[in-house]
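Step one of this worksheet: look at the structure below.
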Amino acid sequence: PVATRASVLFFCISDLASVDPMYQYSLAWFISLFIRGIEEADKSDDMDVRIETLNTYFTYSLYNNICRSLFERHKLMFSLLLTIAILQQKGLVDTSEWRFLLAGPTDTNITEKNPAPEWITEKVWVEVVNVSHLAAFKGFDTSFATHVDHYRKYFESADAHKYPLDPEFDAKLNDFQKLLVIRCIRPDRFMLGTQGFVGVKMGERFIEPPPFDLKSCYLESSVTAPLIFVLSSGADPMADLLKFCDEANMMKRFDQVSLGQGQGPRAEKLITLAMERGMWVCLQNCHLAQSFMPKLDNIVENIDPARVHRDFRLWLTSMPSPHFPVAILQNGVKMTLEPPKGLKANLVRSYTRVSDQYLDECANPAAHKKLLYSICLFHAVIQDRRKFGPLGWNIGYDFTDGDLNMCQRQIKMMIDDYDEIPYKVIRVLCGEINYGGRVTDDKDRRLMNNLLLNYINPKVLSDAFSFSPSGTYKSPPAQNVAEFFEFIKAMPLVPQPEIFGLHENADITCDQNETYSMFETVLSLQPRVNGSGGGLSREDVIEASARDIFERCPPPFDIDVVAHTYPTDYKQSMNTVLTQECIRYNALIVVMRLSLREGLKALKGLVVMSPELEAITNSIFDNQVPDSWAAKAYPSLKPLSSWVLDLLERIKFINTWIATGPPPVYWISGFFFPQAFLTGTLQNYARKHQIAIDTVQWNFNVQDSQTFDSTTEAPEDGCFVSGYFLEGARWDYAAHQLAESRPKELYTDFPMMWLEPKQNRVDPTGGYYMCPAYKTLTRNGTLSTTGHSTNFVMYMEVPSDKSESHWINSSVALFTALMF
């Protein structure tokens, strides 16, 4: 039993390198840890007790050692992997249930009726129906519909992960199976559910990672096992290391080299000297010295403990890098170091570098203290907004303490040099240069400058000023550093989304992103050989899915027929748009049909299973879109089952257009390249009225009284479009304008819009929000050869009675497709 447990645990850690290149662990290191566990565990003459003690001791010892070298975001994932591996060894986890938890529903074509569409989203209902196909969950969809009021309370509960299910299934399902229900109904609570599950099965200590302890790491190192700090941006281990040097009386025998161009030979000499004299040497930023890494690997490999001073230690710091020597990683002692997370920790960190003297050394100390706090809070807000993913920033920027220091110095300088504080100048310096210099996306730059307006303005100098609508985050009346620390200490531990300018639903989006990111990572680590449970082998499951997709996949469009029916016409640009759309869809359909046909043959052994075909079959099993299809397809975040349905809907839209002519309402989500369609519409108007196309702009008219189905006539000029979804806000049909989202309603349908071309249009002065429209929820894209973004489509004016800055801070945007 002990050997079996150890082998299960080893295979848990051997795959972690595919999560991060720094997660490398050798069998030799594992065996030495195992032997040490046998020696250190409590002895007993009773065989069963001894086995239990050894298993418990070694599992926790391994968790402790591995956790030290994992980034924070992967620690709970590792606990879950350990727990599942041990339960699978005992036969307590059904493979098909485990697969459903990670990959989600594979059948999105359901006929069962949604019992309460007003709160049960299509996504939730699809998952509930699919989970009911598993043996243990048989009849769950019926029970869900019967107890729909109970499940509404479950859905709305703040502690959904602890909320009981209906009486029948609450008694019937075990703790692991209840995680599947959380996945279906409240995925944002899955991480908390996982903590509870691991705590029950393994003990609370497996969800409380050990604190960072440099001394215990040092005791595990040796002359041949270097100590490696694995860094993330913003982390600096030197202060901790120098403090530890002082405690160990090694300050006089410590030296460091920051690796970079031409520093290799110097580092080599220093290591040789240190081996003789028993010094500690720290090589910083190994990821920047790629060419020196093979040499370093060689030096460490050739260290002879018998000929080296026993006090010698080699310390290394590096960001995650695939070029770091694997041998050193496998045998060294790894420690991850991350900067403090969260608003409070960020503020505390900023103020530890400020002295009372610095606060008072200024022409106007009162204004200096207020603006200094303001810029520190702004720095913490823009750092912490990254946790919301694309809702926070389109691109996650690594803002540094250097950016903040420069802003602080310039604020002090502006107060000293001018009688009246030039707030606008400070905003430009901070938003366009110090922080703005890193910002490459124009929507992010708009957000950055908009956020700054709240932090750098004359009102900040008043004690009554609040940075958030609720008044939780006020401008502090503190006069010295100690008082600032007291003020920061009194802040809420978990900041509300309002301080970031976001709606309360942003927390749900943040938690969901974390959940789905973990599912994706764990899914990539799953073995490719075992059966999937439920009596079907893995090959059977792939074959059934591949055959189903192949049978539903339509034949390519006949381009000649389309071009003949809709020839190139000066007055109708839509003909060209239609032909181009057919050509793009054909490229995808041809690749899909060919690879599915070959993949089905390879599963039967009729042709060789090439790496490309294997990648496709693996993706089909994992319910993910194969890379070779995604390369030919439009941007999409949907899992394979939803993606296929979406593709069929798109092709149906194009086929209807071919059969019946241009539709009265265009489904914007059905276009491969919507920008061509929009340009074509402008072109039609310009040619009809014989005017220059660059003098024509859009008028945006929301048609919330009409729907896709009820509209039978196209407008005289321009076009009707539908198919947009709104995130961060909703459309108020009574007031005909944007309104705040309802609780837990992350995305809503946006009404039909009439895009009306107008010559020499004058932009309205207010009463609207310039809303960016994207293809997918990731928001960021790259510039393609056509000069268009691969994701951003256009700005659209959406009526609103609130200021535009409110919606900019909330990151309100329109999308042509969601992720399910």
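The values are calculated or read from the model by the stated rules, or taken from the named source; none is laboratory data. This is a predicted model, so every value here is computed, not measured. Note that we place each Cβ from the backbone using ideal geometry, even for glycine, and neighbour counts take in every protein chain shown. Side chains are part of the model used for accessible areas, which takes the heavy atoms of the whole protein and leaves out ligands, DNA and RNA. Shrake-Rupley method; radii C 1.70, N 1.55, O 1.52, S 1.80 Å.
Some observations on this one:
- Solvent-accessible area per residue in the chain equals 45 Å², computed with a 1.4 angstrom probe and all protein chains kept.
- Both radii were evaluated on the Cα set of the range 463-618; the Rg over Rh quotient, with Rh as the Kirkwood radius, amounts to 1.28.
- Using R0 = 45 Å, the C-beta based FRET efficiency linking residue 446 and residue 216 works out to 0.40.
- Sparse packing (at most 12 other Cβ atoms within 10 Å of the Cβ) combined with a DSSP loop state is found for the following GluC sites (Glu not before Pro) in the range 418-519: 420.
- Summing charges over all other residues whose Cβ lies under 12 Å from the Cβ of residue 110, with Lys and Arg as +1 and Asp and Glu as -1, gives -3.
- Of all accessible heavy-atom area on the chain, the percent that carbon and sulfur account for (1.4 Å): 53 percent
- Computed over the range 166-310, the quotient of the alpha carbon radius of gyration and 2.2 N^0.38 Å is 1.61.
- Helix-only CD estimate at 222 nm, as mean residue ellipticity for the chain, using -39500 (n - 2.57) per DSSP H run (n ≥ 4): -14500 deg cm²/dmol
- Cross-link reach is defined here as a Cα-Cα straight distance under 19 Å, omitting same-chain residues fewer than 8 places apart; for residue 744 the lysines meeting it are 123, 153, 162, 387.
- Residue-span extension gain [residue 544 to residue 7] - 0.36 nm each, minus C-alpha spacing: 190.0 nm
- Mean Cα-pair separation over length for the chain, i.e. relative contact order, pairs under 8 Å, 6 or more apart, %: 10 percent
- Applying 0.36 nm per residue to the separation of residue 109 and residue 352 and subtracting their alpha-carbon distance, the gain on full extension is 81.8 nm.
- Counting only Cα atoms, the size of the range 722-763 along its three principal axes is 42, 20, 17 Å, in decreasing order.
- Kirkwood estimate for the chain, i.e. one over the average of 1/r between Cα atoms, Å: 30.6 Å
- In this structure the amide hydrogen of residue 624, modeled in the peptide plane, comes within under 5 Å of the amide hydrogens of 640, none closer than 5 places in sequence on its chain.
- Fully extended contour minus Cα-Cα distance, from residue 594 to residue 765, at 0.36 nm per residue: 56.1 nm
- The C-alpha radius of gyration of the range 722-820, expressed as a fraction of 2.2 N^0.38 Å, stands at 1.11.
- Surface/4 of the Cα convex hull for the range 569-633, nm²: 5.2 nm²
- Between the range 757-775 and the range 613-660, the Cα center-to-center distance that results, in Å: 33 Å
- Volume in Å³ per residue [convex hull over Cα atoms, computed for the range 532-653]: 114 Å³
- Approximating the spin labels as points 7 Å out from Cα along Cα→Cβ, the residue 524-to-residue 326 distance works out to 1.7 nm.
- Local net charge near residue 748, Cβ-Cβ under 15 Å (Lys/Arg +1, Asp/Glu -1): -4
- Anisotropy class assigned to the range 286-342 is oblate, per the alpha carbon gyration tensor with a/c at or over the 1.5 cut-off and a/b no larger than b/c.
- Stokes-Einstein diffusion of the range 336-467 at 10 °C, 1.306 mPa s viscosity, Kirkwood radius from Cα pairs, rounded to a whole number: 104 µm²/s.
- Built amide H within the under 5 Å cut-off of residue 737, gap 5+: 732
- Diffusion coefficient, µm² s⁻¹, Stokes-Einstein with Kirkwood Rh over alpha-carbon pairs of the range 439-480 at 4 °C and 1.567 mPa s: 110 µm²/s
- Alpha-carbon Rg/Rh ratio, for the range 227-294, with Rh computed the Kirkwood way: 0.97
- Backbone geometry of the range 692-705 corresponds, through the Karplus equation with coefficients 6.51, -1.76 and 1.60 at θ = phi - 60°, to 3J(HN,Hα) couplings of 6, 5, 6, 9, 9, 10, 8, 9, 10, 10, 6, 9, 7, 8 Hz, x marking Gly and Pro.
- Shape of the range 469-558, Cα gyration tensor, a/c cut at 1.5: prolate
- Where labels lie 7 Å past Cα in the beta-carbon direction, separation of residue 148 and residue 568 in nm: 5.5 nm
- Hz values of 3J(HN,Hα) by residue in the range 570-578 - Karplus curve (6.51, -1.76, 1.60), Gly and Pro given as x: 4, 8, 9, 5, 4, 4, 5, 4, 4
- Amide H to amide H distances under 5 Å link residue 282 with 255, 256, 257, 315, where only residues 5 or more positions off or on other chains count and H is placed in the peptide plane.
- Modelled spin-label separation between residue 558 and residue 386, with each label point placed 7 Å from Cα along the Cα-to-Cβ direction: 5.6 nm.
- Loop-resident sites, the range 1-87, for trypsin sites (Lys or Arg not before Pro), counting at most 11 other Cβ within 10 Å (DSSP): 43
- Local charge for residue 757 was computed over the other residues whose Cβ lies under 10 Å away, with Lys and Arg +1 and Asp and Glu -1, and equals +1.
- Per-pair calculated FRET efficiency, R0 = 35 Å: residue 171 and residue 537 via Cβ, rounded to 0.05: 0.60
- Spatial offset of the range 235-313 relative to the range 373-413 amounts to 34 Å, using the alpha carbon center of each.
- DSSP-assigned coil residues among chymotrypsin sites (Phe, Trp or Tyr not before Pro) in the range 243-306, each with at most 14 further Cβ atoms within 10 Å: none
- Whole-angstrom gap from the range 136-157 to the range 2-26, using each part's C-alpha centre: 38 Å
- FRET efficiency, 1/(1 + (r/R0)^6) with R0 25 Å, evaluated for residue 656 and residue 732 via beta carbons: 0.20
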